[in-house]
Amino acid sequence: MDDLTTGQFDAATQRGDRRMLAPRAIGAHYDAGRDRVIVRLITGVEIGFAPRDAEGLQNATLDDLKAVEVEAFGLGIHFPTIDADLYVPALLDGILGSARWMETRSKANGS
């Protein structure tokens, strides 16, 4: 692999700094009564989604969903018992999986 130039390092640092300014998660839990994964952001806003709509969570058990963790400085949500990860900035854009997953979900919902 090539060595990183000073310019490339500086550009990567700037991208990382900008990413840390975006809304990040400070907490997450599964609300069984509403069948929603709830993610609380540093802004105080909460977002929720049905596990069946997220890639990797569609077959998760109650115990799998209860074991949710916030990782990567609030940029990631991790479900360790099933090794599933979701990227918080993507969640904010309504993206709950890979492009293929989203296309499949879109077709299933008649969009």
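The values are calculated or read from the model by the stated rules, or taken from the named source; none is laboratory data. If you're wondering where the values come from, they're calculated on a predicted model, not measured in any experiment. Note: ideal-geometry Cβ built from the backbone for every residue, glycine included; neighbour counts use all protein chains shown.
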Among the residues of segment 61-94, how many are closer than 18 Å to D35 by Cβ and of a type in the set (D, E, K, R)? 3
Go through segment 61-96 residue by residue and tally those that are part of a loop (DSSP other than H, G, I, E, B) and on the phi > 0 side of the Ramachandran plot. 2
With (1) in contact with a helix residue (DSSP H, G or I) (Cβ under 8 Å, 6 or more places away or on another chain); (2) in a loop (DSSP other than H, G, I, E, B) as the list, and V37 as the residue in question, which single condition is left unmet? (2)
Going by what's in this entry, would R52 be described as part of a helix (DSSP H, G or I), surrounded by 15 or more Cβ atoms within 10 Å (Cβ to Cβ), among the charged types (D, E, K, R) and in contact with an Asp or Glu (Cβ under 9 Å, 6 or more places away or on another chain)? no
Does at least one position in segment 19-27 carry a residue that is on the phi < 0 side of the Ramachandran plot, in a helix (DSSP H, G or I) and out of contact with any helix residue (DSSP H, G or I) (no Cβ under 9 Å at 6 or more places or on another chain)? yes
Residues being modelled with pLDDT of 95 or more and of a type in the set (K, R): count how many of those fall in segment 1-54. 3
Tally, over segment 69-85, of residues that are under 19 Å from W101 (Cβ atoms) and either buried (at least 17 other Cβ atoms within 10 Å of the Cβ) or in contact with a strand residue (DSSP E or B) (Cβ under 6 Å, 6 or more places away or on another chain) (or both): 6
Which condition from (1) closer than 22 Å to P23 by Cβ; (2) surrounded by 13 or more Cβ atoms within 10 Å (Cβ to Cβ) is the one that Q58 breaks? (1)
